[in-house]
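The values are calculated or read from the model by the stated rules, or taken from the named source; none is laboratory data. Everything numeric here is computed off the predicted structure, so don't read it as measured data. Cβ placement follows ideal geometry from the backbone for every residue including glycine, while neighbour counts extend to all protein chains displayed. Accessible surface is based on the protein model in full, side chains and every heavy atom, while ligands, DNA and RNA are left aside. Shrake-Rupley method; radii C 1.70, N 1.55, O 1.52, S 1.80 Å.
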Amino acid sequence: RVHGALFCIFAAGPMAVARTAGRLAAAASAFSSDGRFVFCCVSSLVKVYAVATGELHRILCDPEQSADAPAATQVVLHPKNPLQLFVAYADGALLIWDFI
């Protein structure tokens, strides 16, 4: 569940701003094409939240990832498939996820 999260749109793209351990943290984020979900990069994971309730819907992660996996740095909706998401990682990897 998101506690005190704010979703802001900047010129460079949407960012999720959340209070974490007493500090504000910004993470790359994107909204689904229907506006029902927001995708937030959190370390090596992408967390999918329901916008209406703030509930965590799903976590996108590679089950074979190690604890020191590279950070997810950017999320972008697939331009032709609204149910897929491109995720870029700090090591240069790019994965396509089905998020529903």
Give me the pairs, please: first residue somewhere in the stretch 85-100 and open to solvent by less than 40 Å² (accessible area, probe 1.4 Å), second residue anywhere and of a type in the set (Lys, Arg), beta-carbon distance under 9 Å, and either six or more positions apart or on two chains.
PHE99/ARG58
Please specify each residue of the stretch 30-86 satisfying the condition of being in a strand (DSSP E or B) and of a type in the set (D, E, K, R).
LYS47, ARG58
Under the condition of being farther than 16 Å from ALA30 by Cβ and open to solvent by 80 Å² or more (accessible area, probe 1.4 Å), which residue from the stretch 42-60 is nearest to the chain's Cα centre (by Cα)?
SER43
Restricting the search to the stretch 29-70, which residues are small (Gly, Ala, Ser), without any contact (Cβ under 8 Å) to a residue 60 or more places away in the chain and closer than 18 Å to ILE96 by Cβ?
SER29, ALA30, SER33, SER44, ALA69
Selection within the stretch 83-100 - more than 13 Å from PHE39 (Cα to Cα) and out of contact with any strand residue (DSSP E or B) (no Cβ under 6 Å at 6 or more places or on another chain):
ASP91, GLY92, ALA93
Has the stretch 61-75 got any residue that is out of contact with any Cys (no Cβ under 9 Å at 6 or more places or on another chain), open to solvent by 60 Å² or more (accessible area, probe 1.4 Å) and at pLDDT 90 or above?
no
